[in-house]
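Scroll down for the structure; my scribbles are underneath it.
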Amino acid sequence: MTGRNALCPCGSGRRYKECHGVSGSDAAEWVERALRELQARDFSAAEASLREAERLAPDDPRIHANLGTVYVRQRRLADAEAPLGRALALDPDNPYVLTLLAHVRQRRCVWEGLSELHAHITGLLDAGSEDAYADFNPFALLAMPTTSRQQLVAGRRFARGLTPASPARRAEVSFAEGERLRIGFTSSDFRSHATVTLMMELWERLDRRRLELFGYGILARDVGPVGQRVERAFEHFGDVSGESVPRIAQRIREDRIAILIDLNGYTRNARPAIFALRPAPIQINAIGFQATLGTPWHDYILTDRFSLPEPLQRFYTERPLYMPHMAFPSDTTRLPAGPPPSRAACGLPEHGFVFCCFNNAYKILPEVFAVWMRLLAAIPGSVLWLLETSAEAKENLRREAHRAGVDPQRLIFAPRVGVGEHVARNATADLFLDTYPYGAHTTANDALLAGLPLLTCVGETLVSRIAGSQLTAIGLPELITESFAGYEAMAVKLATDPGLLKSHRDRLAANRRTAPLFDMTRYARDFEDAMQRIWAEYQSQA
């Protein structure tokens, strides 16, 4: 790879000079060298190269921004603060730096100055400011207090940088009488990942008499059991991680894919520029990125009417492809047989109410954490069971608990374990408390599959509504609230009325066998019907 072809680490998929041009040719060469080293995961060399670029152009904010990116990629989040802070001092309205710095603080659970960062970000989004070289990080924005309109602005800005110099012509595909419809799935996450946790059983249940399935892995293949199972689920699977974006797009065209499903969107390791080349007649944003991508080349977003109500369609460049019950599939095979583990085996007290949230730490914002602390104060002997996170984030959460007058030892962290073991242990808790605005998606599915009631608070953004959609599809809409006050009041009610909580748990257990959420045979048929319907509509308009 030559220096001029080095890709920017911000995730845009663009060459570095097209995205974050650096003043001074010598400094730019060092930056491009650093990006090649970063792509090779030689982090120490990348850092050294950026330090040399910094020496040559000490006041270029983009060098400091990329140094912060190198640290973030290594999970050295505290180290990222200084270069990102320096970049922001030099360029206070840089949207990439603002969103990355806010995301870093959310992952660290360092909340000082976070509300000011959020306000700065949303102010720029509302102002519709334009910047020649920097975009907001669209994925990071999902966990910040942003509106659907603001997310649309960010998505469109990011998509702008992916647009080919010459508009790509939509691929043309036709099928002979009796030939199956070809569906492609593109992802970096064909491994032990939340997307696969949801989708595995769907791929295995799809009717091969109706659909022919292709998988395109854009990250090096997983040779472990999960990766092998994924590959067996597809009739055709290609590890395209070593291929260029144009070559991947050409391969998809050569495979005559009718409908191409983007399981990444703007998530980590995505290669969104593939879709800008229009390699399939129909392209769908699905599962991995629950917001609009802001592109003209994604035709649909896979969703349902609770998750994306019709009045909010104006904030999406994609047309909603409504599934009849729930957009997310569920891999029911991941729940192991037999009784759940004991509280003692999970490190929980034998007595007392167990509130639980297994969402990632960056989704825990101060406002919802304050509600949780009030719940612990109101319910004597209760504990909050969270997912294991970094030592720094744990210490910061415990410090925040102490500030709220709650014994930090009432926060208990569950070690990360295999999928089956993790799903099963959900049943040991009493109530799952969702986060806001980025709520539980796969973790909500885990809880409900294990029989654990879940309480959520929904807003207008898609990421806040997924748990509510799942509760609707399992027949427990009473556990959906629309304000923090309602959320807190319902949590207290459930924690202090054992009969009420048991009635919800019993209904969840009964509905588990009959409701749409975990009926994967029904979901597979609905998905097949949706694919054939949109293909027929496309053909009728061609």
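Of the residues A82, A127, A119, A143, the single one that is touching a residue at least 24 places away in the same chain (Cβ under 8 Å) and of a type in the set (A, V, I, L, M, F, W, C) is A143. Considering segment 287-323, the residues that are open to solvent by 10 Å² or more (accessible area, probe 1.4 Å) and among the β-branched types (V, I, T) include one that is nearest to I466 (Cα to Cα), namely I287. Of all the residues in segment 45-73, those that are part of a loop (DSSP other than H, G, I, E, B) and open to solvent by less than 50 Å² (accessible area, probe 1.4 Å) number 2.
Pairing each residue of segment 35-52 that is within 21 Å of A87 (Cβ to Cβ) with any residue that is of a type in the set (F, W, Y) and assigned to a helix (DSSP H, G or I), provided the two are 6+ apart or on different chains, yields C-beta distances under 6 Å for L35/Y16; S49/W30; E52/W30. Taken across segment 443-460, residues that are part of a helix (DSSP H, G or I), free of Cβ contacts under 8 Å to residues at least 40 places away in the same chain and not small (G, A, S) do not occur at all. Can you say whether D407 is modelled with pLDDT of 95 or more, within 23 Å of the chain's Cα centre (by Cα) and charged (D, E, K, R), as far as the supplied structure shows? The answer is no for D407. Do the conditions hold for Y438, that is, is it modelled with pLDDT of 95 or more, open to solvent by less than 20 Å² (accessible area, probe 1.4 Å) and not in a helix (DSSP H, G or I)? Answer is yes for this residue. Tell me, yes or no, whether segment 111-122 has at least one residue that is under 25 Å from the mean Cα position of the chain (by Cα), under 22 Å from F315 (Cβ atoms) and open to solvent by 30 Å² or more (accessible area, probe 1.4 Å). Yes; the residues of segment 111-122 include at least one that is under 25 Å from the mean Cα position of the chain (by Cα), under 22 Å from F315 (Cβ atoms) and open to solvent by 30 Å² or more (accessible area, probe 1.4 Å).
When the residues of segment 364-377 are filtered to those that are out of contact with any Asp or Glu (no Cβ under 9 Å at 6 or more places or on another chain) and either assigned to a strand (DSSP E or B) or open to solvent by 60 Å² or more (accessible area, probe 1.4 Å) (or both), the one that is nearest to A404 (Cα to Cα) is A377.
Quick grid of which residues meet (1) at positive phi; (2) assigned to a helix (DSSP H, G or I); (3) among the hydrophobic types (A, V, I, L, M, F, W, C); (4) open to solvent by 20 Å² or more (accessible area, probe 1.4 Å):
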site	(1), (2), (3), (4)
H325	no, no, no, yes
T333	no, yes, no, yes
A337	no, no, yes, yes
G352	yes, no, no, yes
Y362	no, yes, no, yes
G381	yes, no, no, yes
R398	no, yes, no, yes
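Hey, any hits in segment 411-431 for a residue that's farther than 16 Å from D304 by Cβ, open to solvent by less than 10 Å² (accessible area, probe 1.4 Å) and under 18 Å from the mean Cα position of the chain (by Cα)? No, segment 411-431 contains no residue that is farther than 16 Å from D304 by Cβ, open to solvent by less than 10 Å² (accessible area, probe 1.4 Å) and under 18 Å from the mean Cα position of the chain (by Cα). Just wondering, is there one or more residues in segment 136-157 that are more than 20 Å from L312 (Cβ to Cβ), surrounded by 24 or more Cβ atoms within 10 Å (Cβ to Cβ) and in contact with an Asp or Glu (Cβ under 8 Å, 6 or more places away or on another chain)? Within segment 136-157, none of the residues are more than 20 Å from L312 (Cβ to Cβ), surrounded by 24 or more Cβ atoms within 10 Å (Cβ to Cβ) and in contact with an Asp or Glu (Cβ under 8 Å, 6 or more places away or on another chain). With the condition kept exactly as written, say whether any residue in segment 183-196 is surrounded by 15 or more Cβ atoms within 10 Å (Cβ to Cβ), assigned to a loop (DSSP other than H, G, I, E, B) and over 24 Å from the mean Cα position of the chain (by Cα). No, the conditions are met nowhere in segment 183-196.
Quick check on R319: is it under 23 Å from F527 (Cα atoms), among the basic types (K, R), in contact with an Asp or Glu (Cβ under 7 Å, 6 or more places away or on another chain) and at pLDDT 95 or above? Here the answer is yes, as R319 does meet what is asked. Name every residue in segment 197-212 that is without any contact (Cβ under 8 Å) to a residue 60 or more places away in the chain and either touching a strand residue (DSSP E or B) at 6+ places or on another chain (Cβ under 9 Å) or assigned to a helix (DSSP H, G or I) (or both), in order of residue number. Scanning segment 197-212 gives W203, E204, E212.
Among the residues of segment 228-255 satisfying the criterion of being among the basic types (K, R) and either free of Cβ contacts under 8 Å to residues at least 60 places away in the same chain or open to solvent by less than 30 Å² (accessible area, probe 1.4 Å) (or both), which is nearest to R210 (Cα to Cα)? Per the stated criteria, the residue is R232. Scanning segment 393-415 for residues that are touching a residue at least 12 places away in the same chain (Cβ under 8 Å) and within 22 Å of A78 (Cα to Cα) turns up A393, K394, N396, L397, R398, E400, A401, F413.
Does R210 satisfy the criteria of being more than 24 Å from S464 (Cβ to Cβ), of a type outside the set (A, V, I, L, M), modelled with pLDDT of 95 or more and open to solvent by 10 Å² or more (accessible area, probe 1.4 Å)? Here the answer is yes, as R210 does meet what is asked.
A quick yes/no check of all residues on (1) touching a Ser or Thr at 6+ places or on another chain (Cβ under 9 Å); (2) modelled with pLDDT under 95; (3) under 23 Å from W535 (Cβ atoms):
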site	(1), (2), (3)
N264	yes, no, yes
R268	yes, yes, no
A273	yes, no, no
A276	yes, no, yes
Q290	yes, no, no
T295	yes, no, yes
D299	no, no, yes
T303	yes, no, yes
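Selection of segment 101-110 for residues being under 25 Å from R156 (Cα atoms) and open to solvent by less than 10 Å² (accessible area, probe 1.4 Å) yields L101, A102, V104, Q106.
So, in segment 485-524, of the ones that are assigned to a helix (DSSP H, G or I) and among the acidic types (D, E), which residue ends up surrounded by the fewest Cβ atoms within 10 Å (Cβ to Cβ)? Going through the qualifying residues, I end up with D506.
The residue of segment 525-541 that is most open to solvent (accessible area, probe 1.4 Å), among those that are closer than 14 Å to I259 by Cβ and of a type in the set (G, A, S), is A536. Being more than 17 Å from A194 (Cβ to Cβ), aliphatic (A, V, I, L, M) and in contact with a strand residue (DSSP E or B) (Cβ under 9 Å, 6 or more places away or on another chain) holds for only one residue in A447, A429, and it is A429.
The values are calculated or read from the model by the stated rules, or taken from the named source; none is laboratory data. Note that the structure is a prediction, hence the values are computed from the model and not measured. Neighbour counts run over all protein chains shown; Cβ positions are idealised from the backbone, glycine included. Side chains included, ligands, DNA and RNA excluded: accessible areas come from the protein's heavy atoms. Shrake-Rupley method; radii C 1.70, N 1.55, O 1.52, S 1.80 Å.
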